Amino acid sequence: MNIEERSKNSRRARTYAVALAAGALALAGCSSGGGGSDPKDSNEPKMESQDITLGTAADSTGPAKDLAGAKKGGTVTVLQRDAFEHLDPGQIYVSDELIMQTLYNRTLTNYQFDDKTGKAKLVGDLATDTGKSSDGGRTWTYTLKAGLKYEDGSPITSKDVRQAVERLYAPYQTNGPTYLQQWLSGEGQKYRKALPDGPYKGKHLPKSVLDTPDDKTVVFHFDQPRAEVPFAVAMPNIGAVPPGKDTKEKYDKAPLASGPYKIRNFKPGKGIQFVKNDQWDPKTDSIRHQYVNTFDVSFGHQWVDSTRRLQADKGADRNGMTWTNVVDPSQISTVLKDKEAMSRSLTETQPYVDVVSINTDRIKDKKVREAIAWAFPSGQYLQQFGGPKAGEIGGGLVGPTLKGYDPSFDPFQKKKYPGGNAKKARELLKEAGKENYELVYAYGNGDTHQDASVVVERALERAGFKVEKKEIDQSTYYTQIGKVKNKYDLYRSSWGADWPSASTVVPPLYDGKNVYDDSANYSHLNVPSVNAEIGKVAKVSDLSRATSEWIKLSEKILSDEIPAVPTFYNRLFTLWGSGIGGVKFNSVYGAVDPTAVFIK
Amino acid sequence: MFRFLARRSLGAIVILILISAITFFLFFALPAEPARLACGKNCDPTSLAMINKNLGLDQPVPVQYWKFMVGIFAGRDFAVGHCDAPCFGYSFVSQEPVWGTIVDRFPTTLSLALGGAAVFLVCGIGIGMIAAWRRGTWIDKFFSSLSLLGASMQIYFVGVLALAWFVSGLGIMDQPAYYPFTDNPAKWFSGMLLPWVVLSLIFMANYSRMTRSQMVEQLQEDHVRTARAKGLSSRTVFFRYAWRGAIAPIITIFGIDLGSLLGGAMVTEYTFTLHGIGRLAVESVQLTDLPMLMGVMLVSSAAIVVFNILVDAAYAFIDPRVRLA
């Protein structure tokens, strides 16, 4: 899953938002601690993996339980840095838009977050439950709830779900996730051949793939067991689109709402409003509320701006919030000292893991890769991004939000040596006979990355490397490092699991099949034994066994192949106004959940 | 006068055409591939070809330029729909007609520019005149130092401080934002007040310093001395004789400043999170959105060129010595 960043040549690239210290106002990251060192003041998330449970049919039945003290009415001001570009649920795949669509778009399943514990549970959303599997996990059947309607009052049927899925095969659909399409019709871009024009020329997928025997039933048939279908159909693109009102590309500007809010006044680059959808029936929805009248979202607020306003809590900003803007690294220590503001804040671990990829096409010697991993100063590096409030030092390639995550796994002792273990690295280089090995370290030219590059350069040189720094324009960064034939050895990127299983991390990042331009396999790892193992785990039909197998595989890849150095697991540290209640954290999208927000 | 205006307008059109051509061809000299930007991460050759066709990018660059220019006057048909004249094309990013976005953003820039200009013109000239009037006294010295301080300030510094003190700290000013004047004039005023004041602080310094020096110079001119000798009151001499002479060069600079402001006050817009033309320009550069960039460039250039013509006309009107042939 991508986190939002404007990038010139791949408009939304995979990265953590810290990457873009944009605009004239952004100040350099706090290099000396950045706050968060006082444990009393910081409300760090618990180091436990999220055990997402599969809810029952009863859990999927609405209405959602009312929040204590919740009131109806009012307008919430939402301050966001990056503009939403896509509204079509088929085209959504970046964190800001993922969280935004939860207001108006319903999918077959979805996540429910406990009001008190914040624990996530997967429940039926359009469907009555999380799905029934048969044929050894090869067939999945979903039954739609009664009383589902679009904002125009027309009913939602199984044909609309089929439309939502089949339109993803059309050539204009290029931004959303592809799990379900690929599982149904073939890997890579092969799936598009099954329905080259989508459903627009009267053709449909064969019933042996996608069947809608009646108005309420949707059946998916796969050629191998697929244990994670309930999660895949929670992605925004597996919802409902009415065939008669599917305007293809134009749907991206005005999709029909099935959730409690509908879109009004979308001004690209400027803002958007979400107003109540009176056709939404709370009895059909066990996840969302409709407390607030309007969410008034405006774009272009740099983190310094949103932090200043929400901390000051003056005038209309009392009813203000942000869904993904973090407290700017330069303001973290000020906010931490402000007890009142801290009572209106949350710090939660996000599903995004920052790594520095090692280009395995250029550095073939594993000893050298190992030396880099030992030498890398992950702790000092994280300080440039804001310290403990911006993330925690990462030991492995998968983060704490994933099921089966092992906090003790840290093969290169990144937690013990926040500045890197230069001695060990030197020894390894000596063993390899590669002393004074020359490395090309590429980074985006944002303030934070420039600061971080100095720390990285020093640590690697201490360990006996020679470092050549290559600064890349921030806006083309991901295109440059995404080229298979790039001329760099080390470069950072960030990746978040699409659902809390490492199956959405290991294959896209480390499968040799995914070595192509713009792919997330930035280290170009293509090792036959790893590829074979990925294929094997993908076929495991038992969900909990598969989950732990993926984690084990990710650990094996890091220890044996060293395709990347894990640096940190991202955290969201954010504020909201004193007039706002019902703020929760959506741990799957790593953003503030707006579905239960009310004005006190 | 008419001939002068006609000639200048023709010249302006030539300049605008040149600017458009240079921007257009320079853009295509960039290594960026616009269709690739609009195509997401699941982009395959079919999708790419479709986007190229939809945006008209599959044609040779000169043909694209010709169609772009024709579209401005006659409108254009795209695969995604018709674009009414003046059609500056469809934005690669928002996939909406460029003109609509510019029309949406322009009132913010217009409010910022006109309001800011009113403040800095009145205050700047006023202060300059007082300083010239009381030349050599502490008042003069005080205002001269103040202008020096103002001239050395930057909007992104003063703006951020002003936001922190007056909005977040003391809470005596509203959070800057644009509200349409026609909806609520009071809200429009309070939303724009801080940007106006900050913007004028920077500009005011120039105007007060210029007014002071012009006035001082004028007050030493022969015609002023003659007027004094004739026994006219010092007020009449100051306002009718010296001021009239001093104002001409100020108007010239003002025309250029206002034109540039209407083309977008980027730093001010970013500092106060206003969505005007300047911000739109920066964003379209960042996103390699050529049609948007072209639209903004042409509107901004047109503003500068038009105000220059107006200034020249006004100059000729004010100062009879400058009758242009």
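The values are calculated or read from the model by the stated rules, or taken from the named source; none is laboratory data. Bear in mind that the values here come from a model prediction, so they are computed numbers and not experimental data. Glycine gets a Cβ as well: all are built from the backbone with ideal geometry, and neighbour counts include every protein chain shown. SASA here: full protein model, heavy atoms, side chains in, ligands and nucleic acids out. Shrake-Rupley method; radii C 1.70, N 1.55, O 1.52, S 1.80 Å.
Figures for the structure shown
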| read-out | value |
| --- | --- |
| With DNA, RNA and ligands ignored, accessible area of A:SER343 (1.4 Å probe; Å², nearest 10) | 90 Å² |
| Label-zone membership for the stretch B:186-205, site B:ILE253, 7 angstrom Cα→C-beta point, backbone N under 13 Å | B:202-205 |
| Shape category assigned to the stretch A:457-600 from the gyration tensor of Cα positions, a/c cut at 1.5 | oblate |
| Amide H contacts under 5 Å for A:GLY391, placed H, 5+ residues apart | A:ARG571 |
| Taking all pairs of distinct alpha-carbon atoms in the protein assembly as shown, Kirkwood radius in angstrom | 30.0 Å |
| Across chain B: Cys residues that no other cysteine approaches within a C-beta distance under 4.7 Å | B:CYS123 |
| Built amide H within the under 5 Å cut-off of A:PHE568, gap 5+ | A:ASP354, A:GLY394 |
| For the stretch B:271-312: rounded, prolate or oblate by the Cα gyration tensor [a/c cutoff 1.5] | oblate |
| Solvent-accessible area per residue, Å², over chain A with all protein chains present [probe radius 1.4 Å] | 34 Å² |
| Rounded to the nearest 10 Å², the accessible area of B:TRP243 at probe 1.4 Å | 90 Å² |
| Using a Förster distance of 41 Å, the FRET efficiency for B:ARG135-B:PHE157 (Cβ separation, nearest 0.05) | 0.85 |
| Solvent-accessible area, 1.4 Å probe, carbon plus sulfur percent, for the stretch B:98-318 | 69 percent |
| By accessible area with a 1.4 Å probe, ligands and nucleic acids excluded, highest first: order of B:LYS230, A:LYS253 | B:LYS230, A:LYS253 |
| Distance between modelled label sites at A:ASP215 and A:ASP197, nm, 7 Å Cα→Cβ extension | 2.9 nm |
| Accessible area, probe 1.4 Å, largest first, for residues B:PHE157, A:PHE465 | B:PHE157, A:PHE465 |
| Efficiency of FRET from Cβ geometry, A:LYS415 and A:THR117, R₀ 22 Å, rounded to 0.05 | 0.25 |
| Degrees separating the helix B:98-133 axis from the principal Cα axis of chain B, which is the longest one | 10 degrees |
| The stretch A:215-304, Cα convex hull volume normalised per residue, Å³ | 197 Å³ |
| Complex-versus-alone comparison for the stretch B:36-79, residues with a loss of 30 Å² or more in accessible area, probe 1.4 Å | B:ARG36, B:LEU37, B:GLY40, B:LYS41, B:ASN42, B:ASP44, B:SER47, B:MET50 |
| For the stretch B:202-214, Karplus couplings with θ = phi - 60° (6.51, -1.76, 1.60), whole Hz, Gly/Pro x | 6, 6, 3, 4, 4, 5, 5, 5, 5, 4, 4, 5, 5 |
| Mean Cβ neighbour count within 10 Å, used as a protection proxy, ranking B:199-208, B:6-15 highest first | B:199-208, B:6-15 |
| Neighbourhood charge, 10 Å Cβ-Cβ cut-off, centred on B:CYS87 and excluding it, Lys, Arg +1 and Asp, Glu -1 | 0 |
| FRET efficiency for A:ARG264 and B:VAL103, using Cβ-Cβ distance with R0 set to 25 Å, rounded to 0.05 | 0.85 |
| Label-point gap, in nm, between A:GLU435 and B:LYS230 - each point 7 angstrom along Cα→Cβ | 9.4 nm |
| Buried solvent-accessible surface, both chains (B, A), 1.4 Å probe, Å² to nearest 100 | 3300 Å² |
| Carbon and sulfur %, accessible surface of the stretch A:385-459 computed with the full protein complex present, 1.4 Å | 45 percent |
| Distance histogram in 20 Å bins (all Cα pairs of chain B, percent per bin) | 26, 48, 23, 4, 0 |
| Given A:LYS203/A:LYS245; A:LYS203/A:LYS250; A:LYS466/A:LYS487; A:LYS116/A:LYS159; A:LYS337/A:LYS423; A:LYS71/A:LYS262, the pairs whose alpha carbons are separated by over 27 Å | A:LYS116/A:LYS159; A:LYS337/A:LYS423 |
| Per-residue HN-Hα couplings for the stretch A:208-222 [Karplus 6.51, -1.76, 1.60; θ = phi - 60°; Hz; x = Gly/Pro] | 6, 10, 9, 10, 10, x, 8, 5, 10, 10, 10, 10, 9, 10, 10 |
| Solvent-accessible area, 1.4 Å probe, carbon plus sulfur percent, for the stretch B:2-83 | 71 percent |
| Under-5 Å amide H pairs with A:ASN586, H placed in peptide plane, nonlocal only | A:ALA591, A:VAL592, A:ASP593 |
| For chain B, built as a Gaussian network whose Cα springs stay under 10 Å, the top-fluctuating residue of B:LEU193, B:LEU170, B:LEU121 | B:LEU170 |
| Label-point separation, B:GLN286 to B:ALA6 (7 Å along Cα→Cβ), nm | 4.7 nm |
| Residue-averaged 222 nm ellipticity for the protein assembly as shown, from DSSP H runs of 4+ at -39500 (n - 2.57), nearest 500 | -12000 deg cm²/dmol |
| ³J(HN,Hα) computed for each position of the stretch A:465-475 - Karplus, 6.51 cos²θ - 1.76 cosθ + 1.60, integer Hz, glycine/proline x | 8, 10, 10, 10, 8, 10, 8, 10, 3, 3, 6 |
| Per residue, in Å², the accessible surface of chain B once ligands and nucleic acids are set aside, probe 1.4 Å | 49 Å² |
| Positive minus negative residues near B:GLY100 (Lys, Arg vs Asp, Glu; Cβ under 11 Å) | -1 |
| 10 Å Cβ neighbours from other chains, averaged over peptide A:113-122 | 0 |
| Chain B: most fluctuating residue of B:LEU310, B:LEU194, B:LEU26 per GNM, C-alpha cutoff 10 Å | B:LEU26 |
| Protein-protein interface of the stretch A:251-272, residues with accessible area decrease of at least 10 Å², isolated chain reference, 1.4 Å probe | A:LYS253, A:LYS267, A:PRO268, A:GLY269, A:LYS270 |
| Residue-averaged beta-carbon neighbours from other chains (10 angstrom radius) around A:169-176 | 6 |
| Accessible area in the full protein assembly, largest first, 1.4 Å probe, for B:ARG235, A:ARG308, A:ARG426, A:ARG492 | B:ARG235, A:ARG426, A:ARG308, A:ARG492 |
| Cα-based Kirkwood hydrodynamic radius, the stretch B:172-325, one decimal, Å | 18.4 Å |
| Debye log10 I(q)/I(0) at q = 0.11, 0.16, 0.17 Å⁻¹ for the stretch B:2-83, Cα point scatterers | -0.42, -0.75, -0.82 |
